[in-house]
Amino acid sequence: MISAIGNNVQEAYVNLSNAKSGIGKVNYLTTRYKDEYVLGEVKLSNEQLMDLIGDHSPALNRTSLLGIAAAKEALKHSGIDLKDGMRTGLISSTTVAGMCKTELFYGEMVSDGKHLEVLDAHDCGESTEEIADHLGVKDFVTTISTACSSAANAVMLGCRMIKHGMLDRAIVGGVDSLSKFTFNGFNTLMILDKEWCKPFDENRKGLNLGEAGAFIVIESEAALKKRKGKALAKVIGYANSNDAYHQTASSPDGIGATTAIKQALEMSGLSPAQIDYINMHGTGTPNNDQSESKATVNVFGNAIPKFSSTKAYTGHTLAAAAGVEAVISVLSLQNNKIFPNLNFTTPISEFGLVPVTKVTDATINNVLSNSFGFGGNCSSLVLSKV
Amino acid sequence: MGKKAYIIGSGCISPQNSTDPNYFFETVNGPDTDHFNAVEPSYKEHINPNMLRRMGRAIKMGASAARMAVTEAGVENVDAIISGTGLGCFEDSEKFLLAIINNDEQFLTPTSFIQSTHNTVGSQVALIMQCKQYNYTYVHRGFSFDSCVMDALMSIEEGKKNILIGGIEEHTPIYIELYRKAKKLNADNSHKYYEGKTKGMQMGEGSAFFVVSDEKKNAVSAIEGIGVAYKPESTEEFTEKLNSFLKSKNTDLGKTDLVLFGISGDKDHDKYLLETLPLASKNSATGYFKHLCGDHHTAGSFAMWLANKIIEKQRIPDAVKINAVPKEKINSVLIINGYIGINYSFTLLTKC
Amino acid sequence: MDALIEKLKGQIIEQLNLAEVKPADINPDAPLFGDGLGLDSIDALELIVLLEKHYGIKIQNPADGKKIFESVRTMAQFIKDQGKS
């Protein structure tokens, strides 16, 4: 994983444990608003990212660079040898894809016919193929784009393909770099906070955008045994549903989110009381946090598990968000630690829910991770200790 | 995976008159020199005008094709909506992008940004149908629609009943001009694609949606399975992937009645398909389709619509035919598709 | 005021791409949202940009739109009050 809180999982773990946010003033994104807003940027230039992955090909855009860096780390950490005859797939997700570069050159492409090679790397699939080719994945590749729930859906697809015997293992997650396009897009929706976001706070004003690449490697039990590997966690439940309420907003009743959480729990075979921690979607927008709080109350009633949103660490990394949060959830399981919901002071009056606000030691056996996106797309994952 | 996905409804918007239910290639629209434009229906018949006012063409095409498929299937609702698009809602993306560039990030409005999101078609269809179920959008180049088919087959195996799947692609005048400047388009219309004489693609657009079901109902054909090959490095590797797919479906190239090739007219990109064509032509009828829908990421959805029609009519239109090995019956159609020489897929349909 | 209302009607139709609607169809006192023209929260954001683009008025908090965009008349009144008509 590479994000605003570090260039790898270890760095992220240190920052998470020290309640140190990666959101700050804008250093890399070109925008006329750079002095007005804060962003969760990865703290490396494109050149430095190229050094990190050891490839200076000019065809690589920031999205691909972040994806390659993260996926390489995940695969290395898994100890898997891709040449061992098992079938491995790469399921990535993105919303920005090559737009981070297209937006810099489109004007000149149109007026002067220059930089036309940028076109080849504009689409979402291209970044996935760059990652696959850098890793050497050949058996299966695909890309999902369902806005901010994308990476959760990638995890879910990977699990299903393994269950159906189509793959032995899959590298799943997502990647999005910051772009003028998405930044201005969210700005027109008037849901950006100019200061640090305050998820689940009564006075929350909006989200901070971030960028990240985040992948996990999932493997069938048989394949894991065969290579005598050791798992970090298990995915025991997942679900996707749709709010069908509004093009961008979530329903005030949290219908889609409630369904996703309930179905994921049902599949996991756990009762709500067995969830030790919820990593919320918690973007910090008035709408999301209201809807998600409602869904949480719908499912858990008065017995709300400990919860936090980690968006105030990383910013909202869109398609990568659920990948980032899957990694953070695994860190919670491994270390029996809850990473806090930063910047929180006042509960939302309608619900009175109070997140975990300090780094907290607790026995964590099962984690629920939520991710919701534009178009009413709602996904939940249940991860548990091995 | 053993279960089939029965096609119980379809809708197709393409450069041909495919929205006319009686149309079967009696007339054929050729390219506009180096690209194809979709023949768009009157959208008001399919979409509420208050929703229509915000929609770009990709969304209109997708939502209408989806509506046609659902109407033909005669189902109230579906258990999943799975869409595929390589470029997404490009018209809106371009509009928002040019507004950013031309107004220096000022006076921007949210509508084109919202519509530019890749999963807009799937979520608009969900909104229109009030479908609160599983909703995925695949955005992987030539695999965008193939991933939908694969997901639908898995979903049926998992117990879902009716699933809406579809592919959507649109181009814009600027995008075509950029492709032209980059010398990626083919304006030479003096050869058939399968002659392997030309370079470049003839870009197309359109949308085809299907309701697939776990039950036969009134279906004329069923999807038996799909296989993919990612960047095969040699003909041997390509052939090995194709054969292992066919073997998994207990068939082989010689046993399929019709093989439809996604030949694009770019002789380099078409290499593996052109090499497979004579092998297929030995015992099977062969045909092609990208000269009808144009080349785009989800041209495979048009091919599926075509294959289903051919099975229904039990006749191969002359416009499609390459080699007409006479077949009494068309019980099986294999679609061998390719996208710019990197993404290949094999889809097998059989008559019910 | 009436001239401003008529001008606004045209600008609203253009900004929101209300192809089916003519200025005469819009009652200046009818609600823009809900029952009236059937606009929604995305349209509200579009109207905020309309005010900025044509009248130089910046609205920082989208929640303020609720009162301003009640009807074409309240919109016109708001513009007048801002001294921007």
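Residues A:A222, A:A249, A:A257, A:A214: which one is small (G, A, S), in the same structural domain as A:G173 (by TED's automatic domain parsing) and in contact with a helix residue (DSSP H, G or I) (Cβ under 8 Å, 6 or more places away or on another chain)?
That would be A:A214, the only listed residue that is small (G, A, S), in the same structural domain as A:G173 (by TED's automatic domain parsing) and in contact with a helix residue (DSSP H, G or I) (Cβ under 8 Å, 6 or more places away or on another chain).
Pick from A:T285, A:T317, A:T296, A:T259: which is under 30 Å from A:I68 (Cβ atoms), touching a strand residue (DSSP E or B) at 6+ places or on another chain (Cβ under 9 Å) and β-branched (V, I, T)?
Exactly one residue qualifies, and that residue is A:T317.
Looking at (1) within 30 Å of A:D243 (Cα to Cα); (2) in contact with an Asp or Glu (Cβ under 6 Å, 6 or more places away or on another chain); (3) more than 7 Å from chain A (Cβ to nearest Cβ), which is the only condition B:G142 fails?
(2)
Does the range A:99-141 hold any residues that are of a type in the set (G, A, S) and surrounded by fewer than 24 Cβ atoms within 10 Å (Cβ to Cβ), and which are they?
A:G107, A:S111, A:G113, A:A121, A:G136
Among the residues in the range B:201-224, are any among the hydroxyl-bearing types (S, T, Y), over 30 Å from B:M129 (Cβ atoms) and touching a strand residue (DSSP E or B) at 6+ places or on another chain (Cβ under 8 Å)?
No, the range B:201-224 contains no residue that is among the hydroxyl-bearing types (S, T, Y), over 30 Å from B:M129 (Cβ atoms) and touching a strand residue (DSSP E or B) at 6+ places or on another chain (Cβ under 8 Å).
From the residues in the range B:283-306 that are in contact (Cβ under 8 Å) with a residue 40 or more places away in the chain and more than 24 Å from B:L87 (Cβ to Cβ), which one is surrounded by the fewest Cβ atoms within 10 Å (Cβ to Cβ)?
B:N283
Looking at (1) assigned to a loop (DSSP other than H, G, I, E, B); (2) surrounded by fewer than 18 Cβ atoms within 10 Å (Cβ to Cβ), which one does C:L18 not meet, given that it meets all the others?
Among (1) assigned to a loop (DSSP other than H, G, I, E, B); (2) surrounded by fewer than 18 Cβ atoms within 10 Å (Cβ to Cβ), the lone unmet condition for C:L18 is (2).
Starting from residues that are at the interface with chain B (Cβ under 9 Å from one of its Cβ atoms) and not hydrophobic (A, V, I, L, M, F, W, C), keep the ones in the range A:123-141 and report whichever is nearest to the chain's Cα centre (by Cα).
Step by step, filter the range A:123-141, then rank; the result is A:T128.
Across the range B:123-139, what is the number of residues that are assigned to a helix (DSSP H, G or I) and facing another protein chain (nearest Cβ under 7 Å)?
So the answer is 3.
Looking only at residues that are among the hydroxyl-bearing types (S, T, Y) and facing chain A (nearest Cβ under 8 Å) in the range B:74-115, which one is nearest to the chain's Cα centre (by Cα)?
Checking each candidate, the answer is B:S93.
State whether the residues of the range A:63-76 include one that is out of contact with any helix residue (DSSP H, G or I) (no Cβ under 7 Å at 6 or more places or on another chain), farther than 18 Å from A:T143 by Cβ, small (G, A, S) and in the same structural domain as A:I216 (by TED's automatic domain parsing).
Checking the range A:63-76: not a single residue is out of contact with any helix residue (DSSP H, G or I) (no Cβ under 7 Å at 6 or more places or on another chain), farther than 18 Å from A:T143 by Cβ, small (G, A, S) and in the same structural domain as A:I216 (by TED's automatic domain parsing).
Would you mention how many residues in the range A:296-313 are closer than 22 Å to A:I364 by Cα and in a helix (DSSP H, G or I)?
7
Could you count how many residues in the range B:179-225 are within 14 Å of chain A (Cβ to nearest Cβ), buried (at least 19 other Cβ atoms within 10 Å of the Cβ) and in contact with a Leu (Cβ under 7 Å, 6 or more places away or on another chain)?
5
Results for (1) modelled with pLDDT of 95 or more; (2) in the same structural domain as A:L75 (by TED's automatic domain parsing); (3) within 16 Å of the chain's Cα centre (by Cα), shown as yes or no for each residue.
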{"residue": "A:S3", "(1), (2), (3)": "yes, no, yes"}
{"residue": "A:Y13", "(1), (2), (3)": "yes, yes, yes"}
{"residue": "A:A19", "(1), (2), (3)": "yes, yes, no"}
{"residue": "A:L39", "(1), (2), (3)": "yes, yes, yes"}
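Working only within the range C:22-57, note down all residues that are part of a loop (DSSP other than H, G, I, E, B), crowded, with 18+ Cβ neighbours inside 10 Å and within 10 Å of chain B (Cβ to nearest Cβ).
C:L37
So, of the residues in the range A:21-57 that are without any contact (Cβ under 8 Å) to a residue 12 or more places away in the chain and assigned to a loop (DSSP other than H, G, I, E, B), which turns out to be nearest to the other protein chains (Cβ to nearest Cβ)?
A:R32
Among the residues of the range A:40-69, which ones are over 17 Å from A:L104 (Cβ atoms) and either acidic (D, E) or surrounded by 15 or more Cβ atoms within 10 Å (Cβ to Cβ) (or both)?
Matches in the range A:40-69: A:G40, A:V42, A:K43, A:L44, A:D51, A:L52, A:I53, A:D55, A:G67, A:I68, A:A69.
A:M86 fails exactly one of the following numbered conditions: (1) in a loop (DSSP other than H, G, I, E, B); (2) more than 10 Å from chain B (Cβ to nearest Cβ); (3) surrounded by 24 or more Cβ atoms within 10 Å (Cβ to Cβ). What is the number of that condition?
With respect to (1) in a loop (DSSP other than H, G, I, E, B); (2) more than 10 Å from chain B (Cβ to nearest Cβ); (3) surrounded by 24 or more Cβ atoms within 10 Å (Cβ to Cβ), A:M86 is out only on (3).
The values are calculated or read from the model by the stated rules, or taken from the named source; none is laboratory data. Note that the structure is predicted; figures quoted are calculated from it, not measured. Positions of Cβ are generated from backbone atoms using ideal geometry, with glycine treated the same way; all protein chains shown enter the neighbour counts.
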